[in-house]
């Protein structure tokens, strides 16, 4: 307070001196000083108040993002490589042909594997699975080609597509087969060996979690076809999917493949739908 009074007194003296010096000049308007002129208020800096709960929440968000990134990196390894279990198999795929009469089939053969015995076993099983089941009686024409759905270091997955035309038939029938092969052992891998059967059943029952790839086939129509008695027991039917190398007499109820780390199913349907309907599941394997 004393400091404030001293400053006020000094200002008054300065005003008197200015008045005396100017007495010989024309009178001027008195200058009035306010308290704010003498003591201007300091510039206030904006104060940022951060809520403690918000800071904690931000920390949790950053931590969740880190966890999500780690999970994404884990999921980035395709299933066809994960099942190698650290023993990556190196190989090439070559195309062979089988032709006899009206039958023309192209099928894959593996080459360059370190284990020649397993490679020979795989190649023999592929040829047998593709050609031995062809019914030649009254056959007008039969042709088939293949595509490599997945070429992994632990598993290879092939899809075969073709047409069979028999005498007396009004049109040729579409043919689909698949082969999923574990490279380390040479054994076939069936749907029940690598998929979540309960999850697949749920998707089929709810008509959700997958898409239909056939041109002109609506998902609602396909779901209605399944749920109107075409498949009476999803779980039991799915357990019988795929070719079994160790049981060549088994007639598969359908076929599965792995493509771009997604499960692909081929389900037998009416001819108007293409004889087989191809569906791809949304979830990564």
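The values are calculated or read from the model by the stated rules, or taken from the named source; none is laboratory data. What you see is a predicted model, and the numbers here were worked out from it, not measured in a lab. For neighbour counting, all protein chains shown are included, and Cβ atoms are generated from backbone atoms with ideal geometry for every residue, glycine included.
Just one of the listed residues (156, 176) is more than 20 Å from residue 99 (Cα to Cα) and modelled with pLDDT of 95 or more, namely 156.
For region 225-241, indicate whether the set of residues that are under 19 Å from the mean Cα position of the chain (by Cα) and touching a residue at least 40 places away in the same chain (Cβ under 8 Å) is non-empty. No: zero hits. Residues of region 230-239 include none that is on the phi < 0 side of the Ramachandran plot, modelled with pLDDT of 90 or more and in contact with a strand residue (DSSP E or B) (Cβ under 8 Å, 6 or more places away or on another chain). Of 223, 211, all but one fail to be assigned to a strand (DSSP E or B), assigned by TED's automatic domain parsing to the domain that holds residue 171 and over 24 Å from residue 125 (Cβ atoms); the exception is 211.
In the list 217, 277, which residue meets the criterion of being surrounded by 13 or more Cβ atoms within 10 Å (Cβ to Cβ), assigned to a loop (DSSP other than H, G, I, E, B), in the same structural domain as residue 195 (by TED's automatic domain parsing) and under 27 Å from the mean Cα position of the chain (by Cα)?
The conditions single out 217.
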